Structure formats: structure tokens, C-alpha cells
1. Is it true that ILE14 is open to solvent by 20 Å² or more (accessible area, probe 1.4 Å), at pLDDT below 80 and within 19 Å of TRP131 (Cα to Cα)?
2. Restricting to segment 249-271, and then to whatever is in contact with a Pro (Cβ under 8 Å, 6 or more places away or on another chain), among the aliphatic types (A, V, I, L, M) and open to solvent by less than 20 Å² (accessible area, probe 1.4 Å), can you tell me which residue is modelled with the lowest pLDDT?
3. If MET375 passes every condition in (1) without any contact (Cβ under 8 Å) to a residue 12 or more places away in the chain; (2) open to solvent by less than 60 Å² (accessible area, probe 1.4 Å) but one, which one does it miss?
4. Consider VAL317 against the criteria (1) surrounded by fewer than 24 Cβ atoms within 10 Å (Cβ to Cβ); (2) within 30 Å of TYR288 (Cβ to Cβ); (3) not basic (Lys, Arg): it satisfies all of them except one. Which criterion is unmet?
5. Among the residues of segment 338-346, are any under 24 Å from VAL159 (Cα atoms), at pLDDT below 90, among the hydroxyl-bearing types (Ser, Thr, Tyr) and part of a helix (DSSP H, G or I)?
6. Give the residues of segment 289-308 that are open to solvent by less than 40 Å² (accessible area, probe 1.4 Å) and in a helix (DSSP H, G or I), sorted by residue number.
7. Identify, by number, the condition in (1) without any contact (Cβ under 8 Å) to a residue 24 or more places away in the chain; (2) open to solvent by less than 10 Å² (accessible area, probe 1.4 Å) that TRP329 doesn't meet.
8. Of the numbered conditions (1) surrounded by fewer than 18 Cβ atoms within 10 Å (Cβ to Cβ); (2) part of a helix (DSSP H, G or I); (3) not aliphatic (A, V, I, L, M), GLY286 satisfies every one except a single condition; which is it?
Amino acid sequence: MLAKIRLPSPRNQIEANASYLVIEVFWAAFMSAVVAFNAPFALRLGATNAQIALLSSIPALLAILITIPAGRYYNRRARRMPLVIRSLFVHRLGFLLVALVPFLPLENKGAVLIALLIVFSSPAHFFGVGWNAMMADVVPEANRARVVAVRNMLLAAVVTAGTFGAGIWLERVRFAANYQILYIFGFATSMVSLYYITKLRAPDAYVPPAPAERSALSLRERVDQARQIFVDQPDFGRLVVNTLLHGVGLWMIGPLYVLYFVRQLGATEGWLGVNGMMANLTPILGYYLWQRGVRRWGERRVLKSTIVLIGLYPVLVGLSPTLSVILIWTALNGLIAPGVTLGHYPMMLKICPADQRPLYLGVYTTIMNIGAFIMPLFGVWLADRVGIAPVLIAGGVMCLIGSSTFVWRSLQTPDSLVMHTVVVEPVPVAVD
């Protein structure tokens, strides 16, 4: 009887995981296209500029509070997949509730929508720490370049079509039924994505033995723990500081794009859909080209060559008084941004010790989100006083200067012969 039972070989399971990851991202991409209209939906429901800023800053504050404890929690768990799946489901459930907001008998429904999005961002932070740490175990290093390239190109292709189609849909169907149906559709496709995530098979993570400790660390002990990480891994400190300086200007102007497009330049949902299409169409070519660049020149060189250019996008947008010209800058930025993604995150995975990766990622995310919490509020406050376009330009210049640290304060970790996995975009890049 036992002789007749044929268990899948490791090679077959590896290929199955790769297939599930590709199928999963196809369905998840529809939800990503819907999310692109979060801020426009809130604006149509009466949200103020300050409330749009909160949509960027408060989730960052929650990430500060969640990510390091989440990293420590994952570090003590050998089986991480169930936690990843549950947290992702709760996060995506929030988008179904968003579809019900127009039914509420309230005057400022936009504020309620923003509150829902903020509350349900909490499980997303918990999910992100576990997912990023787990992905290195799901796909072996030799297969990562192929899997990440296919995932990112497919994601960009579907989001391209999705945002374009969503923009047309939102313009042609009566408000607010147009947004409600769109969000219900996005939630349904995200559940298909979640189904394929449940089919992934990851080995149990190694849980290093540790001396007995209290279940909760004091704030001082957490700070000391984070400081020790920088001592143990100096290159981790370089990456954190460089990325923080790169992102400060971009975080400051993050909420301003939609305000500039909709309130100052009069963009419709149709134009926002076209702009989203351009933002996701050119990265398909960008991922193809920069993947070849990483193989030829290595992650560090590609990172240094591309990250210093990201700040050009907000400068050019701020100098452009018409929507048609902005589409050109969005397309060009889409060609450059994949180089940052394919250079930055592989270095992060390599720098973080495998047995402490969740904790390292938690520290990194917490520090990044300190800036992401403060700067959007400051950016909207400043824009209300000097104008949106000047602040966009200032944020771009800050990014250009901060990104130069990757050139003169370069990472020392050697490049890989094979590119590592890129799961999410942890570097703050210009959004639209």
C-alpha cells in the first residue's frame, strides 16, 4: 500500500509554488487597480485635503506600532503561513465594507471611508512582515529571477488594463453605484488570489533557541534590540539611512498628486485611469530591461543608477500645467522605477540574516514609517500655504539629494549571481 503512494518531489513542489504565485498575482492585480481609486472615491464623498493626508500618514503610524512586534512574533513561529493568510483576509475584507459607505446616512462619508481604509491597513502591516520573510523559503534562489520577473510583469499588465477600464467604468456609470460595484468586484478577485496563496507550501521556518524572556519588552529594550541590529549588520544601517533620506521628500508629496490632478488640473476618473494605465504599462518593459541589467551589472550598480532619478518625476509634474504632458512623465517614471525595485529589495533580503529576517524587516519598516507618518501631514499643511506645485517640486529635489547617498555611501554587501525575490515595493516611489 505504501509503495503505491507517490508524494510530490521537491522539484515538483517548487514548480507548483511558482505557478501559484503567478496565478495569485493575476487575481490580486485587479484589487490593486481598484485601490488606485481610494483617494478619488474619498474626494467624491467629501473628504478634505487634511483627511486625504491622513490616508497616507495614519497607516504609517500603525506600521510603526505593529511591524517590530509582528517580526518578533513571526520569529517565534515555525508555521507562518496560517498567520499570513488570516491577516491578508482581514485586510481585504475592509474593501468590501468600503463599498457600503455610500449607504450611510452621514454628511461626510469621505471621512468614514478614510477611517475604514486606515483601520483595515493594520492587518496589512502584519501580513507584510510575514509574507516578505516567508517568500525566500517558498521559491529557491535559483528560480527567483524568473518568478519575480513574471509576477511583476503580469501585475503591471493587469493593473494597466484594470485602471484604464475602471476609469471608463467610473465615468459612464452613475455615482456612487459605479464605485460600489468596482470595490465589490475587486474584493471578489482578491478572494481568488487568497485561495491560491493557501495552496503554497512553505517549509517550517527555523526558530532559533532563545533564553527565557518576558512576553513584552519595554520601549527601551526594543530600542536597544534595534540598535544591536545596526551593530551586528553595518550594511543594514547604511541601507536604512540611505532609504530614509531617499524617501523623505516622496512621503511629503504622496497625498498631493491626486489633489493636484483632481482639484487643480480638473482630472476626471477617466484621465486617472489613463494615468494609472501609463504608470503600469511601461514598467512591463522596465522589469524586462532591468532584470537583464541586474544579471549583467549586479543589484548595487542598477540601484545606484536608477534611484537617483526617481525624484525627477515630482519635479516634472510640478512644472507641468497640463494633464497630457504629465502622462509622458508618468510613462518615463514607469521605466525607471523597476530598476529601483530589482536593486533595492534583493539587497535587503541578502543583508538580513535568514534566521532573523522577520525582526530585521520589522525594524526597517518601523523606521521607514516614522517618516511616512510625519511627512504627508507636513506636505499638505505646506501646500495649503504655498501651493501644491511648489511643494511637489521641493519634494522631488529633496529626493534627488537624499538618493545620492546610495552613490557616495554605497552598500558593501556583494552582488548575487542570481537575483533574489522581490515581493513588494519597500522603497517609497512617486505615486499618482
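The values are calculated or read from the model by the stated rules, or taken from the named source; none is laboratory data. What you are looking at is a predicted structure, and each value in this text was computed from that prediction instead of being measured. Reconstructed Cβ throughout: ideal geometry from the backbone, glycine too, with neighbour counts over all protein chains shown. Ligands, DNA and RNA are stripped out before the accessible areas are found, and what is left, the full protein with its side chains, is counted by its heavy atoms. Shrake-Rupley method; radii C 1.70, N 1.55, O 1.52, S 1.80 Å.
1. Criteria met by ILE14.
2. Only one residue fits best here, namely VAL258.
3. The single condition MET375 does not satisfy is (1).
4. Every condition holds for VAL317 apart from (1).
5. Yes, some residue in segment 338-346 is under 24 Å from VAL159 (Cα atoms), at pLDDT below 90, among the hydroxyl-bearing types (Ser, Thr, Tyr) and part of a helix (DSSP H, G or I).
6. Correct list: GLN291, GLY293, VAL294, GLU299, VAL302, LEU303, THR306, ILE307.
7. So TRP329 meets the others, but not (2).
8. So the condition that GLY286 fails would be (1).
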